[in-house]
Amino acid sequence: MEALTAKTMGPSKNERQVYDLVVHNAVLLTVDAKDQVIANGAVAVHDGLIVAVGYSRDILSHHDFREVIDAGGGILHPGFIDAHVHISQYTSRSVLSCMDGTSVTMGDWKSALTPDDEHASAALAAVDYLRSGYTGFVDPGTIFCPDAVAPVADEFGIRIWLTDPYVADAGTELQKHFPELVSESFLALWPKNRDEAFRRLGSQLFRNKDRNSLVRAFVGLYGEGTDSQALFRTAFDLAREHGVQLQEHLGYAPLLYRQREYALGASMMEHMSGEGLLDSHVTFVHMNAVHPGDVQILKARDVGIVWCPYGQLQMLGRGGAEGRMVELHRAGVKVGIASDIPRAVHFGGLGTLAAVTAAATGLAASGHEILRMRTIGSAATVGAASELGSLEVGKRADFVVRRPDVSENLGFDPALEFAVIADAGTIDSVFVDGKCVLKRGEVLKADRPAVIARARQSVRGLAARLHLA
């Protein structure tokens, strides 16, 4: 295992470098290409980057550090990334039941959001994410005012990926097929025509000028039949030109997806591949109907897939779904796990939900597979796998340290124990860019009671405006 000690960056081995931080005496779940687990390992950090990964004795003996943290034998793993969440709707998670029997829809709720409401929702989510071992989240273009949400990154110390709001040139398709999600007031905030949709594309890419920013942008389309092929092609070309990912919802409702395929006379993936619209910079969200032949197409074109387990369970119950996420992962397709809208499970329970959903599709996922999909897989679906998602030299120092004295820590399958079974109570600390942002369950930059109070005030104000009890 001497190769581990060579995984450093900096001056020659005869020169002692002073680094910012080392966390040692930890069981490292590296999530590297070999899925190495290093007992009594250490991670060294300098200027926000991982500069050494290996055995504690080797790293401590060869380098000096401004701060030394003893993990006490606890688990250290890359931070989780939520690959897809409608962040402005986080505070709406218990509202749907109040809409039952009324004329109010989620579209009414979304159109009533103010920038303050979107900030309150994202702030509450950020606190809950960090307390659950997440170091970043991806919104798919459902923030009306990105400038209201972007500051949350620096306020709490969490990464945010965002894109242009509601880019579509056929929004009426959503109303036709998902009336419970829309309203006239909601659609009034969408692009009025194709020209307006084209103008929205790329409006957030300015955020990528600062490579060290916690906020990054990609190109997004709403999808689910609301974009023409011309709009998709333009977005496809724009994303490739700027070296970012293109994401869109696709295949959420399997029966509707199959209707589109019937009209095309081919599978959607066959059609898009034939049109030259599949490539490594494309990510589809949901894909609850992946046909056997699609697996090789997605692999060959290196397309990313975001798996939302709760949504897939819903669709398995409605018919027409083909859940092949574990099969895709094993075939080498980039698969990330996402909450979508966490109404039925907390962020910390997403690993368990993924395990249950995988079992329901007939192909169980291992703890290591779920760990990879929650970390480097999710990073890959937003084009960030070269920077994040594993404990490797040169990557951003985003990681989680778990307490050793917890019931989940039996020491035989740490990936299963801490990416599937463990809850937030097992987390000792969370680091983003090498800075500690959570310690002993508390977000260091947040006044949690105040964040909760603002979120509650926001929800009550929205409910009052919509005349919901």
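The values are calculated or read from the model by the stated rules, or taken from the named source; none is laboratory data. Everything numeric here is computed off the predicted structure, so don't read it as measured data. All Cβ positions, glycine included, derive from the backbone under ideal geometry; neighbour counts span all protein chains shown. Only protein heavy atoms, including side chains, enter the accessible area calculation; ligands, DNA and RNA are left aside. Shrake-Rupley method; radii C 1.70, N 1.55, O 1.52, S 1.80 Å.
List of remarks:
- Cα centroids of the stretch 315-362 and the stretch 60-114: 17 Å apart.
- Within the shell of other residues whose beta carbon sits under 13 angstrom from the beta carbon of Arg372, the net charge comes to +1, with Lys and Arg scored +1 and Asp and Glu -1.
- Short-range pairs are left out: with C-alpha atoms under 8 Å and at least six residues apart, the relative contact order of the chain is 19 percent.
- Shape call, the stretch 258-342: gyration tensor on alpha carbons, a/c limit 1.5: oblate
- Rounded, prolate or oblate (a/c below 1.5 giving rounded, otherwise prolate when a/b exceeds b/c) for the stretch 240-386 by Cα gyration tensor: oblate
- Length-normalised contact order of the stretch 10-144 in % [C-alpha pairs under 8 Å, at least 6 apart]: 24 percent
- Highest average packing first - 333-341, 348-356, 442-450, Cβ atoms within 10 Å: 333-341, 348-356, 442-450
- Heavy-atom SASA rank of Tyr90, Tyr252 (probe 1.4 Å, accessible area, largest first): Tyr252, Tyr90
- Accessible surface of the stretch 5-112, 1.4 Å probe: 48 percent of it comes from carbon and sulfur atoms.
- Approximating the spin labels as points 7 Å out from Cα along Cα→Cβ, the Lys176-to-Arg318 distance works out to 1.7 nm.
- Residue-normalised accessible area of the stretch 47-118, expressed per residue, 1.4 Å probe, Å²: 36 Å²
- Length-normalised contact order for the stretch 11-68 - Cα pairs under 8 Å, 6+ apart - percent: 38 percent
- Surface per residue (accessible, 1.4 Å probe) for the stretch 249-393, Å²: 34 Å²
- Solvent-accessible area of Thr105 with every protein chain in place, 1.4 Å probe, in Å² to the nearest 10: 30 Å²
- Proximal charge balance of Leu468 [Cβ under 11 Å; K/R count +1, D/E count -1]: 0
- Once both labels are positioned 7 Å from their Cα atoms along Cα-to-Cβ, the gap between Asn212 and Val345 label points is 3.8 nm.
- If you take all other residues with their beta carbon under 11 Å from the beta carbon of Phe232, and give Lys and Arg +1 and Asp and Glu -1, the sum is -4.
- Protection proxy ranking, peptides 309-316, 231-238, 280-287, average beta carbon neighbours within 10 Å, highest first: 280-287, 309-316, 231-238
- Helix-only CD estimate at 222 nm, as mean residue ellipticity for the chain, using -39500 (n - 2.57) per DSSP H run (n ≥ 4): -9500 deg cm²/dmol
- All distinct Cα pairs of the chain go into the 1/r average, and the inverse of that average, the Kirkwood radius, is 22.7 Å.
- At an R0 of 35 angstrom, the distance between the Cβ atoms of Cys98 and Asp147 translates into a FRET efficiency of 0.75.
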